[in-house]
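Note sheet for the following structure.
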Amino acid sequence: MSGAPGVEGDSGSPSTDHGLRAVLFDMDGTLVQTEEYWTEALFELAATLGGRMSAEARASTVGTSMRRAMGVLYADLGVVRSEEQLQADAHRVEERVAELMAAGIPWRPGAQELVTAVHAAGLRSALVTTTPRRLTDIVLGRITADLGGDPFDLTVCGDEVPARKPDPAPYLQAMGALGVVPGECVVIEDSLVGVTSGLAAGAAVLGVAGFQPVPPAPGLTQVDTLAGVGLPELAEVLAAREPVDATAR
C-alpha cells in the first residue's frame, strides 16, 4: 500500500497512536448509495408478484442475504414460492441491481475522503460485504476508477464466506487475511446485521445512519454521516471500545 509511513506496530505494519492497524468497510449504504437500487429492485419484484412491499419489510432486509430478503418479501406479501422460484426471483433482483449500478454509483457523504485517508496512511483495509462477488466487482470497479487504484488490501463478499452477517465470520475472515486482531480494527457499517457482525468479531464499530435504526451497544459509536470523519475520529472509536484480549481472534 502506498502512503506516508505510520507508527510501527508489533508486526511491522503502520498503526495510529491508539493501535489502529486496520479499517474494515461495509459497502452498500456505508460507502456507496446503492441501497436505493436494492429497494427499487425488490419493489419491482413485489409488483410482479401482485403486491407491494412495505417500507418496514424493506428496512429489515438491509445487509442480509438474498435468501433472507426473499423470505421477508414473501412473508410481507403473503405468498409462497418454491425453491426454484426463489432462485429465479433472487437472480432477477440481482440483475436489476446490476443494471442500475451500471448507470452510476454515488458515494455516501465523506466516504471517498475517508477511504482515501486510510489508504494514504498505509493502514490495512478491507471491503467486507454481503453482496455477491459479481455485483461487488461492479462497485469496486467504480471505486477504483474514482480513486485511481484499488484502495483495499482485500475484498470479502457474501458468496465467499462460511456464514454471512450477522455472524462474525466475514469480519474474522478479513482480519485473518490481513494479519490483524480485533483489538486493532475499526469496522464501519450502516446496518444492524453488519454492526452485530463487527461487534461479534470483537472489533470497535462505527455505525453510520442508514435505512434502519441501530440501537446503542458497547463498542459501537454512531454518526449521522462519514463527512468529517478521519483517522483521529477512527482512533477515538477504537479507544472508546471496552478492553479485550488483543491477541484473541
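The values are calculated or read from the model by the stated rules, or taken from the named source; none is laboratory data. What you see is a predicted model, and the numbers here were worked out from it, not measured in a lab. As a convention, Cβ positions derive from the backbone with ideal geometry for all residues, glycine included, and neighbour counts pool all protein chains shown. For accessibility, only protein heavy atoms count, side chains too; no ligands or nucleic acids. Shrake-Rupley method; radii C 1.70, N 1.55, O 1.52, S 1.80 Å.
The table for this structure:
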quantity	calculated
Per-region count, region 38-75, residues within 19 Å of T131 (Cβ to Cβ) and open to solvent by 40 Å² or more (accessible area, probe 1.4 Å)	6
Pick from region 157-169, criterion in contact with a Pro (Cβ under 9 Å, 6 or more places away or on another chain) and within 19 Å of V139 (Cβ to Cβ), ranking: most open to solvent (accessible area, probe 1.4 Å)	R164
Residues located in region 131-156, provided they are among the hydroxyl-bearing types (S, T, Y), touching a residue at least 24 places away in the same chain (Cβ under 8 Å) and either in a helix (DSSP H, G or I) or open to solvent by 20 Å² or more (accessible area, probe 1.4 Å) (or both)	T136, T155
Residue match in region 143-155 (condition: under 12 Å from A201 (Cα atoms) and of a type in the set (F, W, Y))	no
Evaluation of D224 against (1) surrounded by 14 or more Cβ atoms within 10 Å (Cβ to Cβ); (2) among the charged types (D, E, K, R); (3) free of Cβ contacts under 8 Å to residues at least 40 places away in the same chain (one fails), failing number	(1)
Test: residue in region 76-84 that is open to solvent by 20 Å² or more (accessible area, probe 1.4 Å), closer than 18 Å to D190 by Cβ and in contact (Cβ under 8 Å) with a residue 24 or more places away in the chain	no
Matching residues, region 176-194, being charged (D, E, K, R) and under 19 Å from P166 (Cα atoms)	E189, D190
Subset of region 23-53 (residues that are among the hydrophobic types (A, V, I, L, M, F, W, C) and touching a Phe, Trp or Tyr at 6+ places or on another chain (Cβ under 9 Å))	L24, F25, L31, V32, L49, M53
Residue satisfying all of: in region 75-110; more than 21 Å from the chain's Cα centre (by Cα) and among the small types (G, A, S); modelled with the lowest pLDDT among these	A103
Out of S54, S125, sole residue that is at pLDDT 95 or above, among the polar types (S, T, N, Q) and over 23 Å from V32 (Cα atoms)	S54
Lone qualifier among A126, A102 - being of a type in the set (G, A, S) and in contact with a strand residue (DSSP E or B) (Cβ under 6 Å, 6 or more places away or on another chain)	A126
Qualifying residue in region 200-213 (condition: surrounded by fewer than 24 Cβ atoms within 10 Å (Cβ to Cβ), closer than 17 Å to A59 by Cα, out of contact with any helix residue (DSSP H, G or I) (no Cβ under 7 Å at 6 or more places or on another chain) and without any contact (Cβ under 8 Å) to a residue 40 or more places away in the chain)	yes
Positions within region 89-102 being farther than 14 Å from E36 by Cα and open to solvent by less than 60 Å² (accessible area, probe 1.4 Å), in sequence order	D89, A90
